[in-house]
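A quick write-up on the structure given underneath.
The values are calculated or read from the model by the stated rules, or taken from the named source; none is laboratory data. Here the structure is a predicted model, which means the values were calculated and not measured. Neighbour counts run over all protein chains shown; Cβ positions are idealised from the backbone, glycine included. Please note that ligands, DNA and RNA were not included when accessible areas were found on the heavy atoms of the full protein model with its side chains. Shrake-Rupley method; radii C 1.70, N 1.55, O 1.52, S 1.80 Å.
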Amino acid sequence: MTSALAHLRAERPHTESRARLDPATPLWRGATVFRVLTYFFAVGVQVTFNAHYANRALSWVVIVAMGVWTLVSGLGHIRGWGRNWPMTAADVVVVVLVLMASSQLILTPTELASPDPLVTTIWAANPVVAAAVLAGPALGFFVGLVVAVATALVNKYADTDISRDGVLLMCTGLVLGVAASTARRSHAELERALRVQVATEERERLARAVHDSVLQVLAYVRRQGMELGGEAAVFATMAGEQEVALRALVSAAPTDPNDENGWTSGDLRQLLQAQAS
């Protein structure tokens, strides 16, 4: 038991570090704020409509359960250990299949058939937000559709208001999913550009060092060999070839391994240096 706790303490900093590096971290924080605010809204609805419920005690149990899940999932999203598929699947199951469905046991048939909100109200939109931030627009749209259908099934009817809310849920999943995917893609492109820049700066540093030592020696050997002639001229030619090859090596721009065509952008100076003699 002690070793397991020690292992969890050791893993926690790594998890939190990965969470901070996630480019979608601001969206996860926004999702947590949204979850908390919608929970308080659900509490307000509970206070307003509770007197008319068929099962008032169960409604308070559901509210408490919503608060516990808000705390657990919010901590998971903030600290990073909840940003995964199992947690998102659990979010859908807990919110849609358990808490939202419990409204059938709490509300009267008349309330279910009326425009009165379910116990979960707009708090039920949180799985849509989490799914979109985790995996992009496709999953966000799908979970939005699941919540919309579940709302209609719990109410046992679908009118203009329910259909409108369902469309809004699906659009929310699409928009947040696109934002999360764009953030991750932009972050990856920035990291790739930084790697190319670092590699270019390192090559330039090496080029300066080589130019100050090896290239000067090769140039001197080539020049002196040509002046002496004979067998020395052969060594001069070889030294000249190695000088050109070495200049091309140290001045070549690094290529991006993720580029399909193997090309990368660079300045004209690097291309000309590779052809210099």
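Selection within segment 23-44: residues that are aromatic (Phe, Trp, Tyr) and open to solvent by 10 Å² or more (accessible area, probe 1.4 Å). The member of this set that is nearest to the chain's Cα centre (by Cα) is Phe34.
When segment 28-69 is limited to residues that are among the polar types (S, T, N, Q) and without any contact (Cβ under 8 Å) to a residue 60 or more places away in the chain, the one that is farthest from Ala113 (Cα to Cα) turns out to be Thr32. Cβ-Cβ distances below 8 Å connect the following pairs, each with a first residue in segment 147-167 that is among the acidic types (Asp, Glu), a second residue that is in a loop (DSSP other than H, G, I, E, B), and a separation of six or more residues or different chains: Asp161/Pro115. Has segment 266-277 got at least one residue that is modelled with pLDDT under 55, over 30 Å from Ala188 (Cβ atoms) and out of contact with any His (no Cβ under 6 Å at 6 or more places or on another chain)? Scanning segment 266-277 turns up at least one residue that is modelled with pLDDT under 55, over 30 Å from Ala188 (Cβ atoms) and out of contact with any His (no Cβ under 6 Å at 6 or more places or on another chain).
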